[in-house]
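Right, one structure below, let's go through it.
The values are calculated or read from the model by the stated rules, or taken from the named source; none is laboratory data. None of the values given here were measured: they were computed from a predicted structure. Remember, those area values only see protein heavy atoms, side chains included, never the ligands or the DNA or RNA. Shrake-Rupley method; radii C 1.70, N 1.55, O 1.52, S 1.80 Å.
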Amino acid sequence: MTTPRIVLFGATGFTGALIAEALLARGARPLLAGRDQAKLDALARSLQAEVPTAVADVSRPESVGRIVGPGDVLISAVGPFVRWGEAAVTAATDAGAVYLDTTGEPTFIKRVFQRYGPPAAAAGAALLTAFGYDYVPGNLAAALALRKAGSEAVRVDVGYFVNGNIARRASSGTWASALGILLDPMYGFRQGRIVRENGRTRQFHVGGRRRHGISVGASEHFTLPPAHPGLREVNVYLGWLGGLTRAAGVLARATPVLAAVPGAKRVTEAMADRVLRAGNRPQAADPGISSQIVAEAYDARGRLLASAHLEGGDPYDFTARVIAWGAVTALAGVRGKGALGPVDAFGLEALTQGCAEAGLVVREK
């Protein structure tokens, strides 16, 4: 039998290259995969390490299937995931491998849990989607708050906030993904089930400030309720837009109308393609960029029972480091099969330690 290995698909992109460096820092020697051999060679030289490479392209799914085998860990950094993510999920499922990705796209996350999860479970594969800044920290913060709140908790709210100019740090892939999901329906978890919703906003008190967030579909909606059967409501909010959040909420409520306009989706996809073709050179890590994540657990009367606060640095660096930790740890196996949340896969204590190693500090209240 061959020794399980880590395969990094989409290695030559901005996030992929960060992950490659983080894997090497942990002593791993991943197989770097992508569609351009010249770019793969250049990346391997820049890493100054003996790492293998392989050409694989989502337009030829069989080429992706050839690079992953039983027991391997496949990391996918190929986005936008709604359009190009299926090949890697299918390859991992067919091989009975562990799969991790860097998506933050709500539609794709929902697809992993509802469509891809059951076949993966039957095949003995494990799918860990959104294994980065979106949405590992919220899963961790919510699990900590719910553990402290106990059985009275019926609702948990999670908020993600960034300080500093994250827009200058964002990659072309991030912008393309954002454009790609602009007209996609959002969802929440209410009354014990996944429901469609758009434009919900709320205010958090974070770091002595009032911060606004807009609701977004996330992995927490799927991962938290099975682990906490008393939960009837899960809300996840992004607070990156600052004072524009409430205006964004109004626009989001109009999304179903805009999406119904003939050709609207094709326009946003064309815009995303243009962004990818143009590319960009994201700025290097900025020590002025930091992140804060809060989770609040409530009882049936709306009384706050417990909260957990996490503090970290640059979201891109955290994503690279936590997915490298997850991949190396997963080589020894994960807890469960099918579509899993990060707490499901590794356990709360191990995940807390892994996030700490990736730069995320827990501040419980």
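Our coupling estimate for segment 116-123, obtained by passing each phi through the Karplus curve with A = 6.51, B = -1.76, C = 1.60 and θ = phi - 60°, is 8, x, x, x, 5, 4, 5, 8 Hz, Gly and Pro reported as x.
Which percent, nearest 5, of DSSP beta bridges in segment 1-114 are antiparallel?
Bridges in segment 1-114 that DSSP calls antiparallel: roughly 5 percent.
Between amide H atoms placed 1.01 Å from N, distances below 5 Å from F189 occur with V195, V234, all of them 5 or more places distant or on a separate chain. Return the aspartates and glutamates within reach of K39: Cα separation strictly under 15 angstrom, same-chain partners fewer than 8 residues apart disregarded; answer none if there are no such residues. Filter leaves D57. Accessible surface ranking for E86, E357, 1.4 angstrom probe, highest first: E86, E357.
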